[in-house]
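Everything on this sheet refers to the single structure shown next.
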Amino acid sequence: MRCGACTNNAVLLNPAYCKSHFVKYFEDKVFDTIKRFRMITPSDRVCVAVSGGKDSLSVLYLVKKFLDAKKGGGSVVALAINEGIEGYRQKTLDDLKLFCSQQKIELRLLSYKEEFGTTLDYLVQQKKIAGKPCGACGTFRRSLLNRGSKGFDKLVTGHNMDDEVQAIMMNIFRHHLELALRSGPKTPQNPAGLFVQRVKPLYFCSEKEVRLYAHLQGFLTTFTECPNAAVSFRASVRDFINEYEAKCPGTKSMIVQWFLDTIGKDSSKKRSVISSVCLACGEPAVGTRCGSCTIVEQLRA
Amino acid sequence: MYVARHACESVIVMKVFIERENASRVMKFCGSGAELLLFLKQNPESVILVKNGEVVAEDELFSDGDNVKILSVVSGG
Ligand SMILES: [Zn+2]
Ligand SMILES: [Zn+2]
């Protein structure tokens, strides 16, 4: 098939674009998303959560490109989290260091080991935490992103449309209305100033588009899959949505659009309700202990 | 030998690497990229097709000696 905008061969069928037109289409989509949801203003000090994968490298590169073009005095810092998963994270952290030095972006690193005195591997071995490790890992990760983004105007994450669709479906399957209310392209502002507002510039980009963009831009991303991911609920939801998308193209964007028109409507104008802090660590918490301190205490018990 | 819809004029032998399985194979194949993915049970939503170093769309056809890579779109975060 030919590109819809020139005579070159298409690299993608839907929409049909060649390499250079796809790159332009993708970047325009991301910049439009940033503007439409007022995700980043030109003077913002932005913290970008990075893992070294295709999503975070692409979003980091594009946020910097956006701010550089605006010349409004804004700046970008990359924040990486080391979970402590042997053989999984080290390679991506190395890729990340190289990428940030090439792009002249400051990279900060926080680890579960230093911040919580444990690693994800230890957590999996101990089997003291009920259920899959992904829940506890997510709690730790959120805590560290919160700690690392203090003092910034925005926290950018590389969540793409597939991530969001998976979250919406998981919340429906489990009737998690509270969690569903917290998702969306931009999280609510916290009146107590306990959280930095989180934004997702890749919100309307499918995972396939992001991988294609990263590949065409030559971002070095080694294929890695978290060793625990295959057992997660998310992985099974992801596979069934992809099967459905292959049969009915456009399903993912319909789900996201449905969410934005209903429960996600004006989510960024809503206010986050958390106003108390953990008595052990001072981080935001519902009750007297935050999620991370609860897990650390369970591990010690 | 897998032969899809239309017959090929000559025998097509190509090398196919599947990133997610980290495995290569040499196979005889006649058909489009979409048919190749179907045959290998790879969801087009989860992969990117690369032929001789260039990304191609799923309607691409192959020739003898092609080097095909099926890159995984999914990564661990
Ligand atoms: Zn073109
Ligand atoms: Zn705490």
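The values are calculated or read from the model by the stated rules, or taken from the named source; none is laboratory data. As the structure is a computational prediction, the values presented were derived from the model and not from experiment. No Cβ is skipped: glycine too gets one built from the backbone with ideal geometry, and neighbour counts run over all protein chains shown. Just the protein is used for accessible areas: all its heavy atoms, side chains included, with ligands, DNA and RNA removed. Shrake-Rupley method; radii C 1.70, N 1.55, O 1.52, S 1.80 Å.
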Practice prompt. Might you work out the accessible area of A:MET1 for me, using a 1.4 Å probe with all protein chains in place, and round it to the nearest 10 Å²?
Written response: 110
Discussion item. Just the number please: accessible area per residue for chain A, 1.4 Å probe, all protein chains included, in Å².
Written reply: 48
Response to the item:
Here the percent of antiparallel bridges among DSSP beta bridges lying wholly in chain B, to the nearest 5, is 70
Response to the item:
Share of accessible surface on carbon and sulfur in the protein assembly as shown, whole %, 1.4 Å probe and ligands ignored, is 53
Worksheet item: Of all DSSP beta bridges located in region A:37-273, what percent are antiparallel, nearest 5?
Response: 5
Fill in: Heavy-atom accessible area ranking, 1.4 Å probe, most first, across A:LYS71, A:LYS54
A:LYS71, A:LYS54
Worksheet entry | Computed [θ] at 222 nm, helices only, for chain A once each DSSP H run of length n ≥ 4 contributes -39500 (n - 2.57) | -14500 deg cm²/dmol
Worksheet item: Hey, if you put +1 on the Cβ of every Lys and Arg and -1 on every Asp and Glu Cβ in chain A, which of A:CYS205, A:GLY250, A:VAL277 ends up farthest toward the positive end of that dipole?
Response: A:VAL277
Fill in: Å² of accessible area per residue within chain B, as computed with a 1.4 Å probe and no ligands counted
50
Item to complete: For a label point 7 Å from the Cα of A:SER275 along Cα→C-beta, name the residues of region A:185-217 whose backbone N is under 16 Å from it.
Response: A:189-195
Worksheet item: For the pair B and A, how large is the buried accessible area, both sides, in square angstrom to the nearest 100, if the probe is 1.4 Å?
Response: 2200
Worksheet item: Roughly how many nanometres apart are two label points built 7 Å out from the Cα toward the Cβ at A:LYS71 and A:ALA301?
Response: 5.9
Worksheet, complete the sentence: By accessible area (1.4 Å), largest first, A:HIS175, A:HIS159, A:HIS21 order as A:HIS175, A:HIS159, A:HIS21
Item to complete: Nearest 5 is fine: what % of DSSP beta bridges in region A:4-119 come out antiparallel, could you say?
Response: 15
Worksheet entry | Rounded to the nearest 20 debye, dipole of the protein assembly as shown from Cβ charges on Lys, Arg, Asp, Glu | 1180
Worksheet, complete the sentence: Ignoring ligands and nucleic acids, B:ASP64 exposes an accessible area, probe 1.4 Å, in Å² to the nearest 10, of 100
Practice prompt. Take the Cα atoms of the protein assembly as shown, build their convex hull, and give its volume per residue in Å³.
Written response: 148
